[in-house]
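Working notes, structure below.
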Amino acid sequence: MNENTRDLREVDIERIASRTYRATSAETGASLDFGQGEGLLSPVELLLAAIAGCSSIDVDAATTRRSEPENFTVKAAGYKVTENGASRMQDISMTFDLKFPDTDEGRKAASMVDRIIKLSHDKYCTVSRTVELGATVTSHRTEG
């Protein structure tokens, strides 16, 4: 069965100080401060975190059904390039560093990792799929 759905997701961005902003989820109310300055993630770093975070959740959800990891870190990296004054990211990669206990359950979890990373990339991770496939981005202005 081929099912197509559309599920609106929203965040609100509020300026809370000079070059400091707060993103708040319309769905959950969770928030995160970001911007330019010490102790803040930049928007590009948030993009990398979103890509790595999305696949991390997929891998974590699947493997922890078998075993809790002893180590679970993911590094996302990419190159910011500027061409004719316009910036973008390219060659984004993720490196998964996972270790599971040397038990039957831990070995089963470890054996799943490569397959889940691929499934996340190819099917489940909305963030990396959107980056790779592209999405229309529009901007509008209201006065208020």
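Each value in this text was obtained by applying a stated rule to the coordinates, not by laboratory testing. Note that the coordinates shown come from a computational prediction; the quantities given were computed from them, not determined experimentally. Ideal geometry is used to build each Cβ from the backbone, glycine not excepted, and the neighbour counts take in all protein chains shown.
Structure data summary
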| read-out | value |
| --- | --- |
| Computed label-point distance, nm, for sites Gln36 and Leu8 using a 7 Å Cα→Cβ extension | 3.2 nm |
| Sparsely packed GluC sites (Glu not before Pro) within segment 52-130, loop by DSSP, other Cβ within 10 Å at most 15 | Glu70 |
| The chain: DSSP helices with Cα axial extent of at least 27 Å and average Kyte-Doolittle hydropathy no lower than -0.5 | 43-63 |
| Lysine-lysine proximity count for the chain, Cα under 23 Å, sequence distance 8 or more or distinct chains | 7 |
| Viscosity 1.567 mPa s, 4 °C: Kirkwood-radius Stokes-Einstein D of segment 1-40 over Cα pairs, µm²/s | 108 µm²/s |
| Dipole magnitude of the chain about its Cα centre (Cβ charges: Lys, Arg +1; Asp, Glu -1), debye to nearest 20 | 240 debye |
| Of the trypsin sites (Lys or Arg not before Pro) in segment 1-63, those whose Cβ has at most 14 other Cβ within 10 Å and which sit in DSSP loop | Arg6, Arg9, Arg19 |
| Most fluctuating residue given options Thr95, Thr64, Thr28, as computed from a GNM of the chain linking Cα atoms under 10 Å | Thr28 |
| Per-pair calculated FRET efficiency, R0 = 22 Å: Lys75 and Asp102 via Cβ, rounded to 0.05 | 0.35 |
| Cα centroid of segment 105-136 to Cα centroid of segment 45-73, whole Å | 10 Å |
| Expected 222 nm ellipticity per residue - DSSP helices of 4 or more, -39500 (n - 2.57), all of the chain, to 500 | -10000 deg cm²/dmol |
| In segment 29-96, trypsin sites (Lys or Arg not before Pro) in a DSSP loop with at most 12 other beta-carbon atoms within 10 Å | Arg65 |
| Net charge dipole size for segment 34-91 [Lys, Arg +1 and Asp, Glu -1 on Cβ; Debye, nearest 20] | 120 debye |
| Correct option for mean projected area of the Cα convex hull in nm² [calculated from the coordinates] among [x] 8.5; [y] 7.6; [z] 12.5 | [z] |
| Highest-fluctuation residue, Gly39, Gly134, Gly85 considered, GNM on the chain with Cα pairs under 10 Å | Gly85 |
| Simple spin-label estimate for Glu27 and Val113 in nanometres, 7 Å along Cα-Cβ | 2.8 nm |
